[in-house]
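Below you'll find the structure, written out as structure tokens, and then a few comments.
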Amino acid sequence: MIRLPKRDGGIRKALKKPPRYALLGLPGPLNGVLNAVLSAGKPPSLVIFARDADRFSVPCPSIVVGEAKEKEDVVRRRLIQERIETFFVAGWEWKIPESWYSVPLLGGWNVHPSLLPRYRGHNPYFWVLARGEQETGVTIHHLTEEFDAGPILLRKRIPIEKEETIGRLWNRLALLGGEAVLEALEKIACGKIEETPQERGDFPRAPRVGIEETKFSKRWTREETKNRVRAGNPFYGMLARLGGLRMKIFGVKEGGEGPEVPCRDGKLVVELAELEGWGFLSGARLRDAADSGVVSEID
């Protein structure tokens, strides 16, 4: 275990009362944390949004970082102004600079939606489903120079449901993130800040998801294809072609009516898809609209 060292000789004194803390985040993960802390009567002293489009009403001071070149100084000054002693990040678009987490007495913490060190990166939600993982969770770790690699304060685990989609997992982990932050605040207030270094090794990662990652491949097994569809529903869809039309597949099943999805070990049937020029269709209506009964890969 790593015990957080004293900074300026004041940590133990600061921990005699709940810390003044800030929340940084994106809609979804941030909502989950905010709902939890507000319901528990432990509101933050400041909320920081990445973009104006992400901003929503909160019962405490808030700022928007935006795209300004001086954004690092804006946040740093506000953290000092509000006498913030620590902060939590629940989703963010870029790496948090050292100039932010060096300000608070207790540094900054990331609320990461995976069981670190597995699935470091931008989109663990997609990759744990795409790779057929059986469990995931939330990790709260200290922010450091290395991305998603700081020492761990706590982990919370949940099983991945058989029919779990990325949309449902997103919501479940947002709620779990709120529980994790409450637990972290309790540890901080009680002075129980004990951290565990992350294991070193070749763990699966969670890079950004682009078009290539969402394309259908007939080289996948049936199970792998189901996993990819769940990983894309509802944010991406699995990109494919039906006849001469592009489509996004949001549901597949074993047997029944509808276009066939060829797999390495057999076939599936499209249950729901968005077809170019037609919108959302299911089953036999998809086959009739595209005048084709077999899904193919897309360039």
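Below, the figures for the structure above:
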quantity	calculated
Net lengthening on full extension, Glu146/Phe203 (0.36 nm per residue, minus Cα-Cα)	19.0 nm
Karplus (6.51, -1.76, 1.60) ³J(HN,Hα), θ = phi - 60°, over region 34-49, in Hz, Gly and Pro reported as x	4, 4, 5, 6, 5, 5, 8, x, 10, x, x, 8, 7, 10, 10, 9
Value in Å of the Kirkwood radius, where the chain supplies the Cα pairs that are averaged	20.9
Built amide H within the under 5 Å cut-off of Leu115, gap 5+	Gly137
Contour excess over end-to-end distance, with Cα ends at Arg219 and Arg264 and 0.36 nm allotted per residue	15.7 nm
Chymotrypsin sites (Phe, Trp or Tyr not before Pro) within region 20-66, DSSP loop, no more than 15 other Cβ atoms inside 10 Å	Phe56
Using θ = phi - 60° and Karplus 6.51 cos²θ - 1.76 cosθ + 1.60, couplings along region 151-161 (whole Hz; Gly, Pro as x)	x, 9, 8, 6, 10, 10, 10, 9, x, 8, 6
Förster radius 30 Å - calculated FRET efficiency between Asp54 and Glu135, Cβ distance, rounded to 0.05	0.55
MRE, 222 nm, helices only [DSSP H, n ≥ 4, -39500 (n - 2.57), over the chain, to nearest 500]	-8000 deg cm²/dmol
Positive-end residue, the chain charge dipole about Cα centroid, Cβ charges, pick of Ala289, Val252, Ser62	Ser62
Candidates Asp265, Asp202, Asp148, ranked by Gaussian network fluctuation over the chain, Cα under 10 Å, top entry	Asp202
Antiparallel DSSP beta bridges within the chain, as percent of all bridges there, nearest 5	65
Note, ³J(HN,Hα) from phi for region 269-278, Karplus 6.51, -1.76, 1.60, rounded to Hz, x at Gly and Pro	10, 5, 9, 8, 7, 9, 9, 3, x, 10
Amide H partners (placed H, <5 Å) of Val294, local residues excluded	Gly243, Glu260
Out-of-range pairs (alpha-carbon distance over 26 Å; input Lys71/Lys187; Lys95/Lys156; Lys156/Lys248; Lys95/Lys162)	Lys71/Lys187; Lys156/Lys248; Lys95/Lys162
Cleavage-rule hits (trypsin sites (Lys or Arg not before Pro)) in region 87-151: DSSP loop, at most 15 neighbouring Cβ within 10 angstrom	Lys95, Arg131
Degrees between helix 166-189 axis and first principal axis of the chain (Cα, 0 to 90, nearest 10)	10
Cα-based helix-to-principal-axis angle, 222-232 vs the chain, degrees rounded to 10	50
Amide hydrogen neighbours beyond the local backbone of Gly25, cut-off 5 Å, H modeled	Ile48, Ala50, Ala90
Whichever aspartates and glutamates have a C-alpha closer than 13 Å to that of Lys17, once near sequence neighbours (fewer than 8 apart) are set aside	Glu85, Glu186
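Since every read-out is calculated from the coordinates, none of them should be taken as a lab result. This is a predicted model, so every value here is computed, not measured. Methodologically, a virtual Cβ is constructed for each residue, glycine included, from the backbone with ideal geometry; neighbour enumeration extends over all protein chains shown.
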